[in-house]
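The values are calculated or read from the model by the stated rules, or taken from the named source; none is laboratory data. On a predicted model such as this, the values are computed, not experimentally measured, just so you know. As a convention, Cβ positions derive from the backbone with ideal geometry for all residues, glycine included, and neighbour counts pool all protein chains shown.
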């Protein structure tokens, strides 16, 4: 009799504990309905860790409801209730509930709530992006991708945000995923090349640009990026024909005229290079690179002429004077272009070095000293 009585008492005690925990779950539900989130939260948090209700689909469902309500509240006191991201906790809670919901009691509602959370995450990601909070924007887009791994709009945003967040490897991952979804845009190949270059993989960058040009043969951006890599590698001769094609496709693009001028400059065709640089700054008067390169080309010609003059024997004075006059004439020609470049970018050291030397050659010692002081002041910062 004593043993039977003991078992009965233990059973009553156990049932009492289960009832107490179920009451916590029910209390949480009542507090949600009455808007008392500060009372609902501790009740549900106790329920989801207690061994009696930790496997209750209802408990986890209500937990999702509470955290979703906290996320959407304007009440600062309720917002202070949690330190974790309430939207993520709500998502985790709903997922947990769904795995425990054998009878599918909450499935349809959870699906709606999950869809709502994903929309909120996406919109929050867009807000973070617009506020230049790229790290947080990327985190939100990646959470959306867990449930929507093939959504091209989210993949595109994740790729773009990865670039802004200085995460080239992630950008490549999402861009490749876009290609697998047959996303049609030449910009994907441009971005893939750019991010591979950021990782130092020029070979992969070129392969993507070549692949992109097969699909979009008249896309100027793909041609320009490929040519820039060639120019960087000193392969100017290879790119001139392609640049001429690009200029024909987009004749009002100053960057193309500049790039063609740079390629021609590299192979020594100064006359044609001059025409291209001039065309670039005619199209875009504030184009620093065009002004600088044209001025630098004249300056280098002047410096070479001066070196030739210095190689003339002392006994050929007239010949020397003619050579020096030609050199100074070239320095004079370079001056307005380098001064305009300096006006456009007053902190560019290469321009200031050239101007300092140019002024010295033209015996403009005050200007040369002034440029020297400018350089030293900038270097001291």
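If we keep just the residues of the stretch 213-260 that are exposed (fewer than 14 other Cβ atoms within 10 Å of the Cβ) and under 13 Å from residue 280 (Cβ atoms), which is nearest to the chain's Cα centre (by Cα)?
Once the filter is applied, the top-ranked residue is 252.
From the residues in the stretch 129-142 that are in contact (Cβ under 8 Å) with a residue 24 or more places away in the chain and surrounded by fewer than 20 Cβ atoms within 10 Å (Cβ to Cβ), which one is farthest from residue 95 (Cα to Cα)?
132
Let me spell it out: the conditions are (1) surrounded by 15 or more Cβ atoms within 10 Å (Cβ to Cβ); (2) at pLDDT 90 or above, and residue 25 meets all of them except one. Which number is the exception?
Only one criterion is unmet by residue 25, namely (2).
Residue by residue, here is whether (1) under 25 Å from residue 147 (Cα atoms); (2) surrounded by fewer than 19 Cβ atoms within 10 Å (Cβ to Cβ); (3) at pLDDT 75 or above; (4) in contact with a helix residue (DSSP H, G or I) (Cβ under 6 Å, 6 or more places away or on another chain) holds:
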{"residue": "3", "(1), (2), (3), (4)": "no, yes, no, no"}
{"residue": "14", "(1), (2), (3), (4)": "no, yes, no, no"}
{"residue": "44", "(1), (2), (3), (4)": "no, no, yes, yes"}
{"residue": "59", "(1), (2), (3), (4)": "yes, no, yes, yes"}
{"residue": "64", "(1), (2), (3), (4)": "yes, no, yes, yes"}
{"residue": "89", "(1), (2), (3), (4)": "yes, yes, yes, yes"}
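Test residue 151 against the stated conditions and say whether it is free of Cβ contacts under 8 Å to residues at least 12 places away in the same chain and under 28 Å from residue 179 (Cβ atoms).
Yes; evaluated as a whole, the condition is true for this residue.
Given the options 288, 314, name the one that is touching a residue at least 60 places away in the same chain (Cβ under 8 Å) and either surrounded by fewer than 18 Cβ atoms within 10 Å (Cβ to Cβ) or touching a strand residue (DSSP E or B) at 6+ places or on another chain (Cβ under 6 Å) (or both).
Being touching a residue at least 60 places away in the same chain (Cβ under 8 Å) and either surrounded by fewer than 18 Cβ atoms within 10 Å (Cβ to Cβ) or touching a strand residue (DSSP E or B) at 6+ places or on another chain (Cβ under 6 Å) (or both) holds for just one of 288, 314, which is 288.
Taking the stated definitions as given, is residue 294 in contact (Cβ under 8 Å) with a residue 24 or more places away in the chain, assigned to a helix (DSSP H, G or I) and farther than 30 Å from residue 237 by Cα?
Answer is no for this residue.
Considering only residues that are without any contact (Cβ under 8 Å) to a residue 24 or more places away in the chain and surrounded by 22 or more Cβ atoms within 10 Å (Cβ to Cβ), look in the stretch 268-285 and name the one that is farthest from residue 329 (Cα to Cα).
Result: 276.
Applying the selection to the stretch 317-328, what residues are touching a residue at least 12 places away in the same chain (Cβ under 8 Å) and more than 15 Å from residue 360 (Cβ to Cβ)?
Within the stretch 317-328, 323, 326 qualify.
Do we find that residue 168 is surrounded by 18 or more Cβ atoms within 10 Å (Cβ to Cβ) and either closer than 14 Å to residue 121 by Cα or out of contact with any strand residue (DSSP E or B) (no Cβ under 7 Å at 6 or more places or on another chain) (or both) in this structure?
Judged against the criteria, residue 168 is a match.
Quick check: is even one residue across the stretch 264-284 modelled with pLDDT of 95 or more and outside any helix (DSSP H, G or I)?
Scanning the stretch 264-284, I find at least one residue that is modelled with pLDDT of 95 or more and outside any helix (DSSP H, G or I), so the answer is yes.
Exactly one of these conditions fails for residue 108: (1) surrounded by 13 or more Cβ atoms within 10 Å (Cβ to Cβ); (2) assigned to a helix (DSSP H, G or I). Give me its number.
(1)
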